[in-house]
Amino acid sequence: MIPHESDAKKERASLKVWRSWQENLILIAIALCLAFLIRTFIAEPRYIPSDSMLPTLHTGDRLVVEKISYHFHPPITGDIIVFQPPAELQRRGYPKDQAFIKRVIGQPGEVISVASGKVYLNGQPLAEDYIAEPPNQPYQPVKVPEDEFFVMGDNRNDSNDSRYWGFLPRKNVIGRATFRFWPLDRIGFI
(Lines give C-alpha, C1' and ligand atoms only; values in the text may rest on other atoms or scores of the structure.)
Protein backbone atom coordinates (compact mmCIF):
# COMPACT_ATOMS: atom_id res chain seq x y z
CA MET A 1 0.00 0.00 0.00
CA ILE A 2 1.20 3.45 -0.84
CA PRO A 3 1.93 5.52 2.32
CA HIS A 4 -0.20 8.48 1.30
CA GLU A 5 -3.22 6.13 0.72
CA SER A 6 -2.86 4.86 4.29
CA ASP A 7 -2.74 8.43 5.58
CA ALA A 8 -5.82 9.32 3.53
CA LYS A 9 -7.75 6.38 5.02
CA LYS A 10 -6.73 7.46 8.51
CA GLU A 11 -7.85 11.01 7.78
CA ARG A 12 -11.23 9.81 6.47
CA ALA A 13 -11.70 7.59 9.55
CA SER A 14 -10.74 10.46 11.84
CA LEU A 15 -13.10 12.82 10.01
CA LYS A 16 -15.91 10.25 10.31
CA VAL A 17 -15.35 9.97 14.09
CA TRP A 18 -15.29 13.78 14.41
CA ARG A 19 -18.57 14.13 12.46
CA SER A 20 -20.16 11.49 14.65
CA TRP A 21 -19.11 13.44 17.75
CA GLN A 22 -20.44 16.65 16.23
CA GLU A 23 -23.82 15.02 15.51
CA ASN A 24 -24.02 13.69 19.05
CA LEU A 25 -23.16 17.08 20.55
CA ILE A 26 -25.76 18.79 18.37
CA LEU A 27 -28.40 16.23 19.37
CA ILE A 28 -27.58 16.70 23.06
CA ALA A 29 -27.80 20.50 22.69
CA ILE A 30 -31.17 20.21 20.93
CA ALA A 31 -32.48 17.83 23.59
CA LEU A 32 -31.39 20.17 26.39
CA CYS A 33 -33.00 23.17 24.66
CA LEU A 34 -36.24 21.25 24.13
CA ALA A 35 -36.28 20.07 27.75
CA PHE A 36 -35.75 23.64 28.94
CA LEU A 37 -38.49 25.04 26.70
CA ILE A 38 -40.98 22.30 27.61
CA ARG A 39 -40.35 22.68 31.34
CA THR A 40 -40.49 26.47 31.20
CA PHE A 41 -43.54 26.95 28.99
CA ILE A 42 -45.52 23.71 28.58
CA ALA A 43 -45.30 21.23 31.46
CA GLU A 44 -43.10 20.26 34.36
CA PRO A 45 -42.91 17.52 36.96
CA ARG A 46 -43.70 18.29 40.60
CA TYR A 47 -43.35 16.42 43.89
CA ILE A 48 -45.99 16.52 46.66
CA PRO A 49 -44.15 17.33 49.94
CA SER A 50 -47.04 17.27 52.46
CA ASP A 51 -50.38 15.74 53.38
CA SER A 52 -52.40 18.93 52.72
CA MET A 53 -54.10 17.42 49.65
CA LEU A 54 -55.05 14.04 51.14
CA PRO A 55 -56.87 11.91 50.07
CA THR A 56 -56.49 13.17 46.47
CA LEU A 57 -52.70 13.47 46.55
CA HIS A 58 -50.29 11.78 48.94
CA THR A 59 -46.87 12.81 50.16
CA GLY A 60 -44.36 11.61 47.59
CA ASP A 61 -46.74 11.63 44.63
CA ARG A 62 -45.21 12.98 41.45
CA LEU A 63 -47.32 14.96 39.02
CA VAL A 64 -47.24 16.65 35.65
CA VAL A 65 -48.26 20.30 35.84
CA GLU A 66 -49.41 21.74 32.52
CA LYS A 67 -48.79 25.44 32.01
CA ILE A 68 -50.61 26.33 28.79
CA SER A 69 -54.37 26.31 29.44
CA TYR A 70 -54.42 29.16 31.95
CA HIS A 71 -53.02 31.51 29.30
CA PHE A 72 -56.40 31.10 27.55
CA HIS A 73 -58.80 30.89 30.50
CA PRO A 74 -58.59 31.30 34.28
CA PRO A 75 -58.61 28.39 36.72
CA ILE A 76 -62.11 27.15 37.54
CA THR A 77 -63.59 25.93 40.80
CA GLY A 78 -62.36 22.43 41.50
CA ASP A 79 -59.08 22.71 39.57
CA ILE A 80 -55.97 21.58 41.45
CA ILE A 81 -53.36 24.25 40.83
CA VAL A 82 -49.69 24.74 41.56
CA PHE A 83 -48.61 28.26 42.47
CA GLN A 84 -45.85 30.43 43.87
CA PRO A 85 -46.51 31.62 47.42
CA PRO A 86 -48.29 34.97 47.62
CA ALA A 87 -46.69 37.94 49.40
CA GLU A 88 -48.14 37.01 52.82
CA LEU A 89 -46.52 33.56 52.73
CA GLN A 90 -43.24 35.10 51.60
CA ARG A 91 -43.41 37.49 54.57
CA ARG A 92 -43.81 34.40 56.76
CA GLY A 93 -40.55 32.98 55.44
CA TYR A 94 -41.55 30.80 52.48
CA PRO A 95 -39.17 31.25 49.54
CA LYS A 96 -40.64 32.73 46.36
CA ASP A 97 -39.66 29.68 44.30
CA GLN A 98 -41.34 27.14 46.63
CA ALA A 99 -44.43 25.79 44.91
CA PHE A 100 -47.72 25.15 46.69
CA ILE A 101 -50.59 22.95 45.50
CA LYS A 102 -54.25 23.49 46.42
CA ARG A 103 -57.75 23.23 44.98
CA VAL A 104 -59.56 26.32 43.65
CA ILE A 105 -62.66 26.88 45.78
CA GLY A 106 -63.62 30.44 44.86
CA GLN A 107 -63.17 32.60 41.79
CA PRO A 108 -63.26 36.40 41.54
CA GLY A 109 -66.56 37.85 42.74
CA GLU A 110 -67.69 34.69 44.57
CA VAL A 111 -68.37 34.54 48.31
CA ILE A 112 -66.75 31.77 50.39
CA SER A 113 -67.54 30.74 53.95
CA VAL A 114 -67.21 27.71 56.23
CA ALA A 115 -69.86 26.76 58.79
CA SER A 116 -71.03 23.56 60.48
CA GLY A 117 -68.38 21.44 58.75
CA LYS A 118 -69.27 22.62 55.23
CA VAL A 119 -67.70 24.99 52.72
CA TYR A 120 -70.19 27.38 51.15
CA LEU A 121 -69.84 28.97 47.73
CA ASN A 122 -72.23 31.91 47.24
CA GLY A 123 -74.36 30.61 50.12
CA GLN A 124 -74.66 27.06 48.74
CA PRO A 125 -72.80 24.12 50.30
CA LEU A 126 -70.19 22.56 48.05
CA ALA A 127 -70.46 18.84 47.32
CA GLU A 128 -66.96 17.77 48.28
CA ASP A 129 -66.47 14.03 47.91
CA TYR A 130 -62.71 14.60 47.60
CA ILE A 131 -61.94 15.90 51.14
CA ALA A 132 -60.29 13.95 53.96
CA GLU A 133 -62.81 15.21 56.53
CA PRO A 134 -65.15 18.17 57.02
CA PRO A 135 -63.49 21.44 58.09
CA ASN A 136 -63.60 21.86 61.86
CA GLN A 137 -63.25 25.66 62.03
CA PRO A 138 -65.77 28.26 60.88
CA TYR A 139 -64.73 30.95 58.43
CA GLN A 140 -66.69 34.15 57.99
CA PRO A 141 -67.99 34.98 54.48
CA VAL A 142 -65.46 36.73 52.24
CA LYS A 143 -65.78 37.96 48.68
CA VAL A 144 -62.95 36.95 46.36
CA PRO A 145 -61.35 40.06 44.76
CA GLU A 146 -60.83 40.53 41.03
CA ASP A 147 -57.86 38.55 39.59
CA GLU A 148 -57.55 36.46 42.77
CA PHE A 149 -58.70 33.03 43.96
CA PHE A 150 -59.61 31.33 47.20
CA VAL A 151 -57.80 27.99 47.50
CA MET A 152 -57.95 25.16 50.03
CA GLY A 153 -56.24 21.84 50.55
CA ASP A 154 -58.40 18.69 50.38
CA ASN A 155 -57.16 17.79 53.88
CA ARG A 156 -59.21 20.69 55.26
CA ASN A 157 -57.96 20.43 58.85
CA ASP A 158 -54.26 20.17 57.94
CA SER A 159 -53.78 22.69 55.15
CA ASN A 160 -52.01 26.05 55.03
CA ASP A 161 -54.43 27.74 52.61
CA SER A 162 -56.43 30.90 51.86
CA ARG A 163 -58.18 30.71 55.23
CA TYR A 164 -54.84 31.55 56.87
CA TRP A 165 -52.95 33.73 54.39
CA GLY A 166 -55.61 35.27 52.15
CA PHE A 167 -56.33 35.25 48.45
CA LEU A 168 -54.12 33.89 45.70
CA PRO A 169 -53.27 36.38 42.91
CA ARG A 170 -53.75 34.94 39.42
CA LYS A 171 -50.20 35.99 38.49
CA ASN A 172 -48.85 33.46 41.04
CA VAL A 173 -50.48 30.46 39.32
CA ILE A 174 -47.89 28.21 37.65
CA GLY A 175 -50.27 25.67 36.17
CA ARG A 176 -52.80 22.88 36.64
CA ALA A 177 -51.98 19.46 38.07
CA THR A 178 -53.14 17.03 35.41
CA PHE A 179 -51.46 13.64 35.70
CA ARG A 180 -49.92 11.55 38.48
CA PHE A 181 -47.01 9.47 37.14
CA TRP A 182 -45.74 8.10 40.47
CA PRO A 183 -46.38 5.84 42.29
CA LEU A 184 -47.18 3.44 39.48
CA ASP A 185 -50.08 1.83 41.32
CA ARG A 186 -51.91 5.18 41.33
CA ILE A 187 -50.84 6.46 37.92
CA GLY A 188 -53.49 8.42 36.02
CA PHE A 189 -55.24 11.71 35.42
CA ILE A 190 -56.18 13.82 38.42
Tally Lys/Arg at +1 and Asp/Glu at -1 over every other residue whose Cβ is under 13 Å from the Cβ of Glu128; what's the total?
0
Which order do the peptides 29-36, 49-56, 65-72, 79-86 come out in when sorted by mean C-beta neighbours inside 10 angstrom, highest first?
79-86, 49-56, 65-72, 29-36
Percent of Cα-Cα pairs more than 30 Å apart in the chain, please.
35 percent
If you put +1 on each Lys and Arg Cβ and -1 on each Asp and Glu Cβ, how big is the dipole of the chain around its Cα centre, in Debye rounded to 20?
460 debye
How tilted is helix 3-41 with respect to the longest principal axis of the chain? Cα atoms for both, answer in degrees (0 to 90, nearest 10).
10 degrees
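Convex hull over the alpha-carbon atoms of segment 91-190: what's its volume per residue in Å³?
129 Å³
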Looking only at lysines whose Cα falls under 18 Å of Lys102's and that sit 8 or more positions away or on another chain, we get Lys67, Lys118, Lys171
Place a +1 charge on the Cβ of each Lys and Arg in segment 71-154 and a -1 charge on the Cβ of each Asp and Glu, then give the dipole magnitude about the Cα centre in debye, rounded to the nearest 20.
240 debye
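Could you state the accessible area per residue of segment 1-108 in Å², with a 1.4 Å probe and every protein chain left in place?
About 66 Å² of surface per residue is accessible.
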Modelling each spin label as a point 7 Å along the Cα-to-Cβ direction, I'd like the Leu37/Glu88 distance in nm, to one decimal.
4.0 nm
Taking the Cβ of Gly109 as the centre, find all other residues whose Cβ is under 9 Å away and add up their charges (Lys, Arg: +1; Asp, Glu: -1).
-1
When the accessible area of the chain is split by element with a 1.4 Å probe, what percent falls to carbon and sulfur?
59 percent
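The values are calculated or read from the model by the stated rules, or taken from the named source; none is laboratory data. The model shown is predicted, which means the values in this text are computed figures rather than measured ones. So basically every Cβ, Gly included, is an ideal-geometry build from the backbone, and we count neighbours across all protein chains shown. Heads up: the accessible areas ignore ligands, DNA and RNA and are worked out on the full protein's heavy atoms, side chains in. Shrake-Rupley method; radii C 1.70, N 1.55, O 1.52, S 1.80 Å.
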